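What follows is a short report on a single structure.
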Amino acid sequence: MKLVMAIIKPFKLEAVREALTELGIQGLTVTEVKGYGRQKGHTEIYRGAEYAVNFLPKVKIEVVVDADIADKAVEAIAAAAKTGQIGDGKIFVYSIEKAVRIRTGETDADAL
């Protein structure tokens, strides 16, 4: 099993969710986060005053999948989240040792 974690632009969330649903992935976790990468934030003007926005709003998606479809999940997320502009995000893949569905006690792939 693999944990696929992606940091993407918030307006791309629905497109990513649809792409993962098409792969048969049934559940995911979404967290609103803030951060920056190479762009180091940006400046904005509010009521005539310029100020720096150091941390940009992003969305973190986490989904645990069978190792067989992890690469397909990564490709689907990358294709759906890409705008071609700076700040499109990153995808990370982690190995998962064990999963347990609390309600039924099912483990590993059955728990997904």
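The values are calculated or read from the model by the stated rules, or taken from the named source; none is laboratory data. What you see is a predicted model, and the numbers here were worked out from it, not measured in a lab. Reconstructed Cβ throughout: ideal geometry from the backbone, glycine too, with neighbour counts over all protein chains shown. Keep in mind that these areas ignore ligands, DNA and RNA; they rest on the heavy atoms of the full protein, side chains included. Shrake-Rupley method; radii C 1.70, N 1.55, O 1.52, S 1.80 Å.
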key: Inverse of mean 1/r across different Cα pairs in the chain, Kirkwood, Å   = 15.5
remark   = So, relative contact order of the chain in percent, Cα under 8 Å, 6 or more apart, is 42
query = In debye, nearest 20: dipole of the chain around its Cα centre with unit charges on the Cβ of K, R (+) and D, E (-)?
reply = 560
ask   = Tell me, what HN-Hα J-couplings in whole Hz come from the Karplus equation 6.51 cos²θ - 1.76 cosθ + 1.60 at θ = phi - 60° for each residue of the stretch 19-34, using x for Gly and Pro?
value = 5, 6, 4, 5, 7, x, 7, 8, x, 8, 10, 10, 10, 7, 10, 10
query = Any idea which of Ala80, Leu20, Val64 is furthest toward the positive side of the dipole for the chain, if Lys and Arg beta-carbons carry +1 and Asp and Glu beta-carbons -1?
reply = Ala80
note = Residue span Leu23 to Thr83: 0.36 nm per residue of separation minus Cα-Cα distance leaves a gain in nm of 19.5 nm
key: Candidate aspartates and glutamates - alpha carbon under 12 Å from Lys2, same-chain residues fewer than 8 apart omitted   = Glu62, Asp66, Asp68, Asp71, Glu97, Asp108
Most to least accessible of Val93, Val16 (protein chains only, probe 1.4 Å) = Val93, Val16
message = Using 0.36 nm times the number of residues separating Arg47 and Thr104, minus their current alpha carbon distance, what extension gain do you get?
response = 15.0 nm
